[in-house]
Amino acid sequence: MNNRKNNFMRRLKIGVPLAPYTTFKIGGPARYYFEPKTFSDFKTSISWALRKNIPYFILGGGSNILVHDSGYKGLVINTKKLNKLNVKGTIISAECGVTIDRLVDLSLKYGLSGIEFAAGLPGTVGGALFMNARAYDSTFSNIVDKVFAFKAENTCVMDIVLKKDNLRFSYKQSIFQGKRFYIFKVNISLAAGSKKKIQSAIDKNRKKRKEMGQYVFPNAGCIFKNDYRAGIPTGKIIEELGLKGKRIDNAEVYEEHANFIINRGNARAEDVYGLIRFIENEVKKKKGIILKREINLIGSWEELEKKQEN
């Protein structure tokens, strides 16, 4: 244990800028920053934060988040080096830091079908599972078999295995959003298929994302969830209000997809947040709809949030 702790302390970094690790390319520094390489590393980093009573955040591919301009006053655990993949039959075992596109490409190599819908999605397997990522009417909940994770209680970190039925999946939701459960590895259950058909579906989805301009400017994906009771996608609601192109400095409501906010260059988190609140207020005032955010705010946002509520 001492060797593990000493290794952790040697590799622990201070004051690391987070902008390069987010798809928005926005955000101040992490007070503490660590990149686990193994299962033990991951557990040790969480245990250290719990013992020191330091807040911590698990960072995957950096999509779906907006990091405060002042950064994060705790420990950021970046999972990018937890990236091992293994295939056994029709099951792919993927550590949480594996990028979604890498997982998709591996499924093609082995002729396994079921994850083509995710082609072109940003982020990592851990993040996709956390958010129950969806595209083209398919979700990660459809293909998850079991999850190997940690459960944090007080200063203890325990290994757990969660089967699909225990994951409490719903629209853009999972058990990991409400409890101190942290994903280490997931088993994805696919089906044998035609490589030609799998390749065709992957190419089609990647092409569609490219044509929609989703990779042209830094962004975090959809800012708001869809409210199916409204009968219309949130992007269309925002578009109907004429908010496409609305800017605060270098943050802009994207002309190609109104549920995206893009960073046109050196946008601040405060600018993006200002647009988020502006959209929320306009939609509530003119449509009577209260939008629910898909994006997560990381850092010290309490003062701004309280000010807006008042």
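The values are calculated or read from the model by the stated rules, or taken from the named source; none is laboratory data. Being a predicted model, the structure only gives us computed values, none of them experimental. Here Cβ is always computed from backbone atoms with ideal geometry, including for glycine, and neighbour counts include all displayed protein chains.
Here are a few things to note about the model shown:
- Hits in the stretch 211-233 - residues which are touching a Leu at 6+ places or on another chain (Cβ under 9 Å) and either within 26 Å of A19 (Cβ to Cβ) or assigned by TED's automatic domain parsing to the domain that holds E256 (or both): A220, G221, I223, F224, K225
- One residue stands out in the stretch 42-69 among those that are free of Cβ contacts under 8 Å to residues at least 40 places away in the same chain and in contact with a helix residue (DSSP H, G or I) (Cβ under 7 Å, 6 or more places away or on another chain): the one that is surrounded by the most Cβ atoms within 10 Å (Cβ to Cβ), namely S45.
- Any hit, the stretch 28-35, residues being within 18 Å of the chain's Cα centre (by Cα), surrounded by 19 or more Cβ atoms within 10 Å (Cβ to Cβ) and on the phi > 0 side of the Ramachandran plot: no
- Strands (runs of 3 or more DSSP E) fully within the stretch 126-193 that include at least 3 residues being within 20 Å of the chain's Cα centre (by Cα), more than 16 Å from Y56 (Cα to Cα) and in the same structural domain as G97 (by TED's automatic domain parsing): 144-153, 181-189.
- For the stretch 42-55, the condition of being within 17 Å of the chain's Cα centre (by Cα) and either hydrophobic (A, V, I, L, M, F, W, C) or at positive phi (or both) holds for none of the residues.
- Residue check for K244: farther than 23 Å from G61 by Cβ and not in a loop (DSSP other than H, G, I, E, B): no
- Candidate set: the stretch 247-272, residues that are polar (S, T, N, Q), modelled with pLDDT of 95 or more and assigned to a loop (DSSP other than H, G, I, E, B); chosen: the one farthest from S63 (Cα to Cα): N250
- Options K13, K25, K43: the member that is closer than 25 Å to F181 by Cβ and charged (D, E, K, R): K43
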